[in-house]
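Structure record follows, encoded as structure tokens.
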Amino acid sequence: MLYREPEDGEPIRFENGKWIVPKRPIILYIEGDGIGPEITNAAIKVINTAVQKAYGSDREIRWMEVYAGEKGEKLTGNRFPEETQKMLLKYRVVLKGPLETPIGKGWRSVNVAIRMMLDLYANIRPVKYVPGIESPIKNPEAVDMIIFRENTDDLYRGIEYPFDSDQAKKIRKFLKEELGVELEEDTGIGIKVMSKFKTQRITRMAIKYAIEHGRRKITVMHKGNVLKYTEGAFREWAYETALKEFRDYVVTEEEVNTVYGGKVPENKIVLNDRVADNMFQQIITRPAEYDIILAPNLNGDYISDAAGALVGNIGMLGGANVGDSGGMFEAIHGTAPKYAGKNVANPTGIIKGGELMLRFMGWNEAADLIEKAVAEAIRQKKVTQDIARFMNVPALTTTEYTQTLVDIINSM
Ligand code: NAP
């Protein structure tokens, strides 16, 4: 047996997408490759400190390490051991260090395997400016967005064939003979698909998050003016879901203008939509207008990184993949192999991933402590080398920075 499960903890359970969190939840962690072990263990230390500070001995996470990536390979000969998969299916919530995935060869992505196994259909990325970090825009203080990107549909379904494959030939023939659409012989094929079910479930998740966390607006990002039956349908289904299932909480932008004289009624979330290309310039020029962004897969992929750039530093951002019965929380960056084992990496990304995990657990008091501690460390210019080099201050090691966050939380 590879693992011994903590005896005094319980799994988090899920009922209709709702997290039922016991006082001593068992949460898995995967250290990850490269800088993974350093930053993941730093994050656990900070999260534990915040939970202890917020709830004393009343609540405590029972962490359980499971192996994947290089460590999995070393210990079991497998990058994604079967026993790890069993634990993931049982416990369903994991804090994950970055895992190496070779480009165009070698093993399949363990990240993708976990996502599929737990049906983590929403990729969620909060993007909020922390004062003191260098940003390419003039008013970065206004940036406070959360992107909900649909993670399982769209062009990423992988229905794609090289121009000279049998499949592409068959599809071209079908299009010509059945639908009267003639494509050139040298045309590769990728098929864009969007389903109502998948649009509805991510819309529900974004709206529930907005309700539970006091967010004020949801913007549906789409290219429905051109791609009417995929992106246009995404927009339509999102409105339909919101207005059918959450009518008490949501008003549309149009209603605000036509019924409420331009003033948002108290405690209502405004639902609007914007065409994707327009949004790329607007998140830069008018970031204050964006709060939650609900996007199909491809748009969401692009806008997540563009929004991330507004707040400056890749080492600072966390994210998550979440479904109706599980979640994987992480930093947005990779394994940064050149810094592995040097005690210099910035652990803030995975710490922010942990903060988001606490919010999904409903442990908001602990999450708030982490958010404030990171802002305070930056304000004091106590930072790792990736940020210190822009601030012209001496850099802290990963360990020193982590201890700084722990001390700040304990002093709050
Ligand atoms: P990367 O690991 O994100 O690193 C790129 C560069 O960004 C680093 O060399 C470092 O360079 C800076 N950086 C990133 N995170 C940092 C941190 N926490 N502290 C300080 N600096 C940091 O991207 P990559 O080199 O393209 O990818 C390496 C491997 O990671 C690949 O195998 C990829 O597949 C994997 N990956 C995994 C995940 C995941 O598990 N979710 C995500 C992305 C990539 P500078 O100092 O030069 O800025």
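The values are calculated or read from the model by the stated rules, or taken from the named source; none is laboratory data. Owing to the predicted nature of the structure, the values given are computational and were not obtained by experimental measurement. Note that each Cβ is placed from the backbone with ideal geometry, even for glycine, and that neighbours are counted across all protein chains shown.
Worth pointing out:
- Scoring GLY56 on the criteria (1) without any contact (Cβ under 8 Å) to a residue 60 or more places away in the chain; (2) touching a Ser or Thr at 6+ places or on another chain (Cβ under 8 Å) leaves a single failure, condition (2).
- Which listed residue is in contact with a helix residue (DSSP H, G or I) (Cβ under 8 Å, 6 or more places away or on another chain), over 12 Å from PRO296 (Cβ atoms) and either among the β-branched types (Val, Ile, Thr) or without any contact (Cβ under 8 Å) to a residue 40 or more places away in the chain (or both), from VAL259, VAL251, VAL264: VAL264
- Scan the range 145-182 for residues that are surrounded by fewer than 12 Cβ atoms within 10 Å (Cβ to Cβ) and not in a helix (DSSP H, G or I) and the total you get is 6.
- Remark: pairs (first residue in the range 347-362, among the hydroxyl-bearing types (Ser, Thr, Tyr); second residue part of a helix (DSSP H, G or I); Cβ separation under 8 Å; 6+ apart in sequence or on different chains) = THR348/GLY315; THR348/MET316; THR348/VAL374.
- All conditions but one from (1) without any contact (Cβ under 8 Å) to a residue 60 or more places away in the chain; (2) not in a loop (DSSP other than H, G, I, E, B) apply to GLY315; the one that does not is (1).
- Segments classed as helices (runs of 4 or more DSSP H), wholly inside the range 225-296, with at least 1 members that are touching a strand residue (DSSP E or B) at 6+ places or on another chain (Cβ under 9 Å) and more than 30 Å from VAL311 (Cβ to Cβ): 231-245, 253-258
- Selection of the range 191-218 for residues being surrounded by 19 or more Cβ atoms within 10 Å (Cβ to Cβ) and hydroxyl-bearing (Ser, Thr, Tyr) yields THR199, THR203, TYR209.
- Scoring GLU31 on the criteria (1) in contact with a Gly (Cβ under 6 Å, 6 or more places away or on another chain); (2) over 15 Å from GLU330 (Cβ atoms); (3) crowded, with 17+ Cβ neighbours inside 10 Å leaves a single failure, condition (2).
- Entry remark, the range 318-333: residues being near the ligand (Cβ under 10 Å from one of its atoms), modelled with pLDDT of 95 or more and either in a loop (DSSP other than H, G, I, E, B) or under 15 Å from ALA395 (Cβ atoms) (or both) number 0 in total.
- Near pairs, Cβ below 6 angstrom, 6+ apart or cross-chain, from the range 101-130 (under 15 Å from ILE202 (Cα atoms)) to any residue that is of a type in the set (Ser, Thr, Tyr) and not in a loop (DSSP other than H, G, I, E, B): ARG125/SER304
- For the range 341-354, the condition of being of a type in the set (D, E, K, R), within 13 Å of the ligand (Cβ to nearest atom) and either closer than 14 Å to ALA42 by Cα or surrounded by fewer than 17 Cβ atoms within 10 Å (Cβ to Cβ) (or both) holds for at least one residue.
- Residue match in the range 384-399 (condition: away from the ligand (no atom under 14 Å from the Cβ), on the phi < 0 side of the Ramachandran plot and either without any contact (Cβ under 8 Å) to a residue 24 or more places away in the chain or not aliphatic (A, V, I, L, M) (or both)): yes
- Among the helices (runs of 4 or more DSSP H) confined to the range 52-142, the ones with at least 1 residues that are touching a Pro at 6+ places or on another chain (Cβ under 9 Å) and more than 16 Å from the ligand (Cβ to nearest atom) are located at 69-76, 82-91.
- The lone exception for THR101 - which of (1) crowded, with 17+ Cβ neighbours inside 10 Å; (2) under 18 Å from the mean Cα position of the chain (by Cα) it fails: (2)
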